[in-house]
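Report on the structure given below.
No lab work stands behind these numbers, since they all come straight from the coordinates. Just so it is clear, the structure is predicted and the values come from calculations on it, not from any experiment. Heads up, the Cβs are rebuilt from the backbone with ideal geometry, glycines too, and the neighbour counts pull from every protein chain shown.
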Amino acid sequence: MLAAVRRGGVGACAPAGARWLKQLSAGQLEMVARASRVAPGWASLLEQVQDIAPPETGVRHVAGRRSSIMTSGERTIVHSVGRRKEAVAQVWIEQNKGEELPSVIINNRLHTVYFPFPLSSVAVSPFLLTDTASKYSIKAVVRGGGLSGQAQAVRHGIATALQNFEPETRPATKLAGMLTRDPRVVERKKPGQPKARKKKTWVKR
């Protein structure tokens, strides 16, 4: 292969369909020639690896549902975003295959460890409401806010993603208010006042 590179340039040493070899610079071709002396046949092995078709992958965004559906081969993962107060939760849901045990991982910890009771039940309440807890595995990354806001943000994200797997669960979760982003936040403190609404005691003199 080294002789072919020196005699005929790239085209002389490139196997059929080796487009990657034809795009190399002179310095990179010299490195290819040195590697061929050490391990003859590595280029053809690389070609065989490149001929393996990668699994079909794709990402489809669901309009109006703050979700995206990612497919890779036979795997389907739904990603959604849940919010509550200052907390934002990124949620990924995947349907279990065969005898896989369901799991709910929040920030690399089990939800029963991360959230105290009853917040652990609040986080997975969409599954409890629709009786689908044994069908899916969840991984969530939640940031901001306190534990209460984070649990409700995870609940919002799970309910949003679940309707992409099972559309028939949407009426129940919507009626329970799990699909609606709760806009209530703590009112800001006002200058000259102890709190948002509390006033200083008025003294006449």
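Using a cut-off of 14 Å between beta-carbons, work out the net charge of the residues near Ser137 (Lys and Arg +1, Asp and Glu -1, Ser137 not included).
+1
If packing is taken as the average number of other Cβ atoms within 10 Å across a peptide's residues, how do 131-138, 182-189 rank, most packed first?
131-138, 182-189
Which whole-percent values make up P(r) of the stretch 93-205 when all C-alpha to C-alpha distances are grouped in 5 Å steps starting at zero?
Pairs per bin, as whole percents: 2, 10, 19, 18, 15, 10, 6, 5, 5, 4, 3, 2, 1, 0, 0, 0.
Rounded to a whole number, what is D in µm²/s for the stretch 98-161 from Stokes-Einstein with the Kirkwood radius over alpha-carbon pairs (4 °C, 1.567 mPa s)?
This corresponds to a translational diffusion coefficient of 110 µm²/s.
Return the whole-Å distance between the Cα centroid of the stretch 179-201 and the Cα centroid of the stretch 86-118.
So the two Cα centres are separated by 32 Å.
Could you give the length gained on full extension between Gln193 and Leu128, defined as 0.36 nm per residue of separation minus the Cα-Cα distance, in nm?
Numbers: separation 65, 0.36 × 65 = 23.40 nm, distance 4.36 nm.
In short, 19.0 nm is gained.
Can you run phi through the Karplus equation (6.51, -1.76, 1.60; θ = phi - 60°) for the stretch 187-203 and list ³J(HN,Hα) in whole Hz, with x for Gly and Pro?
6, 5, 6, 9, x, x, 10, x, 9, 5, 10, 5, 10, 5, 5, 7, 10
Amide H neighbours of Tyr136 under 5 Å, counting only residues 5+ apart in sequence or on other chains, H built in-plane at 1.01 Å?
Asn96
Mind listing the long-range amide H neighbours of Ser67? Cut-off is under 5 Å, sequence gap 5 or more, other chains count too, H placed in the peptide plane at 1.01 Å from N.
For Ser67, the qualifying residues are Val62.
Contact order normalised by length for the stretch 148-205, with contacts defined as Cα pairs under 8 Å and 6 or more residues apart; what percent is it?
21 percent
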